[in-house]
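The values are calculated or read from the model by the stated rules, or taken from the named source; none is laboratory data. Just so we're clear, the structure is a prediction, and the values are computed from it rather than from any experiment. Here the Cβ positions follow ideal geometry from the backbone for every residue, glycine too, while neighbour counts run over all protein chains shown.
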Amino acid sequence: MVPIPFLDLPPLVGASGTLRLPGSKSISNRVLLLAGLADGVTEIHDLLDSDDTKVMLAALAQLGCGIEREGATLRVRGLGGRLAMHEAELFLGNAGTAMRPLAAALAVLSATQGGRFVLRGVPRMHQRPIGDLVNALRQLGCAIDELGQAGYPPLALYGAAGGALATGQAIRVRGDVSSQFLTALLLALPLASTEAAIAIEVEGELISKPYVEITLALLERFGIAVAREGWQRFTIPAASRYRSPVSIHVEGDASSASYFVALGAIAATQAPLRIEGAGSDSIQGDIRFIEAARAMGAEVRSQANALEVRRGAWPLKAITLDCNHIPDAAMTLAVMALYADGPSTLTNIASWRVKETDRLSAMATELRKLGAKVDEGADWIRVTPPTTWKAASLHTYDDHRMAMCGSLAAFGGVPVRIEDPACVAKTFPDYFETLFSLARAEPRQVPVIAIDGPTASGKGTLAAAVAERLGYHLLDSGSLYRVAALAAARAGLLDGDEADAQAIAALAATLPLRFESGHIWLGVEDVTDTLRDEAVGLAASRVSALPAVRQALHGLQLSFRRAPGLVADGRDMGSVVFPDAALKIYLTASAGQRAERRYKQLISKGISANIDALRADLLARDARDTNRPVAPLKPAQDALLLDNSAVTIEQSLAWVLDAWAQRRPFNSLSG
Ligand code: C5P
């Protein structure tokens, strides 16, 4: 599927329900690397499935690790500390959690066992510093070339078999740019272990200490007990060797939890929002985000492996906070600050500048678009809530956290556009689906695009394309009448000339219907294909003329109007069901064209057909749909007419999207 260029969120007003967090990114990639280096098979449960873990898995597979997936369980057969391949070129996307530790591990392995490895990423990865790690590895005697700019990837790591490393003296590494350099060394140096212990000394104040704690906790699970003196000196014991824990469980991502803690703090007014997968037992530093959320007024109940959050103080309370201990989750505080009773200041966040993007300047730029006043310094940001909120198109800089944070700005009473929403795949591929399963919008605020027209005009295809492109829900209202007709026929209610309207309506009101990824289920039966039968279409046209049936299906149709938006196709979407639709299209094509399209459709399915008979059928259905007294087929007064007899589906789609863009409160498609 082509990624959609933007996703529009209507103003959101409430949130409730339960969600299960995806696995922690930090834990997932560390566990993968350790399992890949350890002896034997490690069974990993609930691993995060995202862009960053995909690149790590691909790299491990390229290096010769065995990888098998079975449901939510992944089995990794590790290298046992021995290189299986001595040359490879690895592409690591924008995953810092893959680039840094793989660079360290492969530098050590090629220096001792011989080999040459090239590590690359996306252009942004080549702007993210790695010089401090390279320097530390060079002290050890590793051979590393920076293939682009000095201090940045891409890197070449090489060496000859039998080489020895200078592990006698302490290796010095800077800790004040990224804690991932220290993490990388800690994860990789057991590979260089001999009879003597190896010491690492941190220069400068170590930032993001909680991430180093995750590293130490996981090394421990893999049999390596690192001794730590304060945050300055770390010692890997002599004769260290990774031992697979055999089976390991990845807890839910605490940074991802921050968006839902914020959601609860902002919008869970009726009942608490329940977040499963991370809680007080978590080893992730970002779990301490809940302390900051509480300080802003959230009511958070913490259980071992779950959180329950509801709105407490409202507006939220402004805070001033040193965020060094929660660098990633702190971005969420910057957005919560939009709803506070005064300016909030987040300090000690210089590391924001070297992440997926320069997050400090990105956050400042985007929050200003919403009407907030934002001041920023080298390592701090101050957010003053908007006095008047403005609808804004938020740029996301290929940064998953900018996209997820941006979505939380939809509670300010104005619609918000998230550009390139698919970038959430880095850590939370289902983020928006999850958000929309919890957050509520006033139905009248949820935009509807109505596409009506006669049978075989192509409205179903067009509506599906528009919905896919906008990330909106789809209502094929004809299918509801078709299901009702199918159920009525099976119940023998359509046998005579006079249909029993009340009985059919009663049946229609209680249909056990389910819509699931493009399929329609009636009870336990997948009726998707059956519904397309011509006979069912004709029967649908009969039952749809009954006012009681239309009434019975009315509420069901309205229930499709949910955030982020709806594209509805049928006969009366714009005229009766959604009279306030933001855009109404009336799609037609000549009877000849429609008969020909239907003919081709049937022939391609191996069903024989006669074009003249089809044409006669179409005209008969048009006549019945047009002449019925209730909800007759006719363009809504404010509908735009589109005759697509001579245009392609792509052209029709572009035409509708253009009409839609003109009705949106955002300046242009790109922002
Ligand atoms: O669009 P489709 O051919 O699937 O619709 C089947 C029948 O259901 C139509 O012929 C029409 O009579 C009826 N219908 C309707 N109102 C709608 C959608 C379909 O009356 N909104």
Practice item. Mind listing whichever residues of segment 610-628 are part of a helix (DSSP H, G or I), of a type outside the set (D, E, K, R) and more than 15 Å from the ligand (Cβ to nearest atom)? Key: I611, A613
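Just give me the residues in segment 15-38 being buried (at least 17 other Cβ atoms within 10 Å of the Cβ) and outside any helix (DSSP H, G or I), in sequence order.
Keep residues of segment 15-38 that are buried (at least 17 other Cβ atoms within 10 Å of the Cβ), which gives 15-16, 19, 21-38.
A15, S16, L19, L21, P22, G23, S24, A38, listed by residue number.
Out of R562, R514, report the one residue that is modelled with pLDDT of 95 or more, under 35 Å from the mean Cα position of the chain (by Cα) and away from the ligand (no atom under 13 Å from the Cβ).
Working: R514 fails: modelled with pLDDT of 95 or more.
After ruling out the rest, the residue left standing is R562.
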**Study point:** So V567, is it modelled with pLDDT of 95 or more, in a helix (DSSP H, G or I) and either more than 8 Å from the ligand (Cβ to nearest atom) or not hydroxyl-bearing (S, T, Y) (or both)
**Key:** no
Revision key, fill the gap. Within segment 224-242, the count of residues that are under 16 Å from G81 (Cα atoms) and out of contact with any helix residue (DSSP H, G or I) (no Cβ under 9 Å at 6 or more places or on another chain) comes to 2
Check your understanding: Where in segment 42-130 are the strands (runs of 3 or more DSSP E), entirely inside, with at least 1 residues that are touching an Asp or Glu at 6+ places or on another chain (Cβ under 9 Å) and of a type in the set (F, W, Y)?
Key -> 114-120
Point to revise | segment 275-326, residues that are touching a residue at least 40 places away in the same chain (Cβ under 8 Å), out of contact with any helix residue (DSSP H, G or I) (no Cβ under 9 Å at 6 or more places or on another chain) and acidic (D, E) | key: E276
Review point. Taking segment 455-496 only, how many residues are closer than 30 Å to D420 by Cα, within 13 Å of the ligand (Cβ to nearest atom) and in a loop (DSSP other than H, G, I, E, B)?
Key: 1
Practice item. Being within 23 Å of A267 (Cα to Cα) and among the charged types (D, E, K, R) is the filter; apply it to segment 383-418 and report the residue that is surrounded by the most Cβ atoms within 10 Å (Cβ to Cβ). Key: R401
Check your understanding: With (1) buried (at least 17 other Cβ atoms within 10 Å of the Cβ); (2) more than 12 Å from the ligand (Cβ to nearest atom); (3) within 19 Å of A456 (Cβ to Cβ); (4) touching a residue at least 40 places away in the same chain (Cβ under 8 Å) as the list, and S645 as the residue in question, which single condition is left unmet?
Key -> (1)
Exercise for review: Select from segment 430-454 the residues that are near the ligand (Cβ under 10 Å from one of its atoms) and buried (at least 21 other Cβ atoms within 10 Å of the Cβ) and write down the one among them that is farthest from the chain's Cα centre (by Cα).
Suggested key: G453
**Study point:** Residue check for V543: surrounded by 19 or more Cβ atoms within 10 Å (Cβ to Cβ) and within 30 Å of L408 (Cα to Cα)
**Key:** no
Check your understanding: Which ones in segment 561-601 are buried (at least 22 other Cβ atoms within 10 Å of the Cβ) and more than 18 Å from W660 (Cβ to Cβ)?
Key -> G570, R571, D572, S575, V577, A589, R594, A595
Study note, to complete from the structure: Checked pairs for segment 455-468, first outside the structural domain of L538 (by TED's automatic domain parsing), second among the β-branched types (V, I, T) and surrounded by fewer than 21 Cβ atoms within 10 Å (Cβ to Cβ), C-beta under 6 Å and 6 or more apart or across chains, list as S457/T588; T461/I649
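Go through segment 517-540 and report how many residues are surrounded by fewer than 18 Cβ atoms within 10 Å (Cβ to Cβ), assigned to a loop (DSSP other than H, G, I, E, B) and either in contact with a helix residue (DSSP H, G or I) (Cβ under 9 Å, 6 or more places away or on another chain) or at pLDDT below 90 (or both).
Looking only at segment 517-540, we keep the residues that are surrounded by fewer than 18 Cβ atoms within 10 Å (Cβ to Cβ), and these are 517-519, 521, 523-526, 528-530, 532-535, 538.
Then drop every residue that is not assigned to a loop (DSSP other than H, G, I, E, B), which leaves 517-518, 523-524, 528-529, 533.
Retained after the next criterion (residues that are either in contact with a helix residue (DSSP H, G or I) (Cβ under 9 Å, 6 or more places away or on another chain) or at pLDDT below 90 (or both)): 517-518, 528, 533.
Residues flagged as surrounded by fewer than 18 Cβ atoms within 10 Å (Cβ to Cβ), assigned to a loop (DSSP other than H, G, I, E, B) and either in contact with a helix residue (DSSP H, G or I) (Cβ under 9 Å, 6 or more places away or on another chain) or at pLDDT below 90 (or both) within segment 517-540 amount to 4.
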